[in-house]
Structure formats: structure tokens, C-alpha cells
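Here, each number is a calculation from the coordinates, and none is a lab measurement. Worth saying up front: this structure is predicted, and the values here are computed from it rather than measured. Neighbour counts run over all protein chains shown; Cβ positions are idealised from the backbone, glycine included.
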Amino acid sequence: MNGAPITVIIAGTAVAKGRPRMTRGITYKPAATRKYETHGRLSQAMGDRTPIDLTVRAEITVDLPVPASWSLKLCHAAFAGQIRPTSRPDTDNYVKAALDVINGIAITDDSLVVELAVEKRYTRVPKHGHATAVGDSKWGAAA
């Protein structure tokens with residue numbers, strides 16, 4: 001192991017990775033994606049800890065709010081895990097955003113992620129949180 005796991009919790013509603021936009025030959029990220037990545041980087045107080053430079057197992061939990069139109073019964077079922085979010089954006093877009101946030105800060109490069117566990121769920125207080133990176137030498141050194 002390369003020290004203890006690094007857990008990053010990004011407060012607020014999760015934002016999926018937006019597609020790059022192009023205007024008059026200029027390529028840019030959507031504003032929501034830029035704000036989310038900046039906020040995530042600011043929330044990572046790494047202190048004097050260096051980024052993990054071994055192969056990594058990442059565990060990402062995407063916490064989403066229940067739709068406002070749902071009844072109390074549906075809300076309770078969602079909070080209990082009986083109803084899971086299957087609507088868009090897709091889970092892989094949330095993963096891309098989370099890995100971009102921890103890239104270069106918690107881990108040296110997101111290409112080091114060799115194992116990934118992702119959960120998308122409803123919660124009372126939505127946060128994109130628990131992007132946890134654990135460096136492990138059992139997969140061998142990064143090539």
C-alpha cells in the first residue's frame with residue numbers, strides 16, 4: 001500500500017462530464033463542468049501528502065437528489081436503496097468528472113486506475129462524494 005486511502009468529498013449536486021464545445025474554431029468545456037472540476041480541486045486539501053503514483057483502485061459514489069415530484073413513499077424507498085437512479089446522465093460521465101477532479105492531486109494520473117467500483121444512489125443531501133483512491137502494488141508498478 002502507498003499510505004492510507006485518499007477520500008475526496010465534493011459538496012453539492014453531482015455534475016456529469018460535459019462534452020467539449022466548439023465555437024469559431026475554439027474548443028472549450030461547458031461552464032458547469034469547469035465549475036465542478038474547479039470546486040472539486042479546491043475541496044481536496046492534500047496538505048503535504050504527495051499524489052499516489054502506483055496502480056489505483058478507485059471507489060466512486062454518486063449521490064443524487066430524488067425528483068421533487070416523488071411521493072413520500074417513493075422517497076423513502078429511494079433512500080432505503082430499493083429504487084436506484086437509472087436516468088441520465090450515464091454513470092460513466094460521472095466517473096469521468098470524478099477522475100478529472102482527482103487527477104494530478106490525489107493520483108498522479110487517472111490512467112493508473114486499474115480497478116473501479118461505482119455506485120449511483122439517491123440521498124437526502126446530494127454530494128458527488130467518496131471518490132476514494134487506494135494505491136496498491138499488487139497489480140505491479142505503473143508502466
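Mind checking the full-extension length gain between R88 and T27? Use 0.36 nm per residue of separation minus the Cα-Cα distance, one decimal, nm. Write down the numbers at each step before the final one.
On the way: separation 61, 0.36 × 61 = 21.96 nm, distance 2.42 nm.
Computed gain between R88 and T27 is 19.5 nm.
Mind sorting I83, I102 by how few other Cβ atoms lie within 10 Å of their own Cβ, fewest first? If you can, show how the numbers build up before the last one.
Working: I83 16, I102 25.
The most exposed by this proxy come first: I83, I102.
Using Cβ counts within 10 Å as a stand-in for footprinting exposure, how do V62, V125 rank, fewest first?
Final ranking by Cβ density, sparse to dense: V125, V62.
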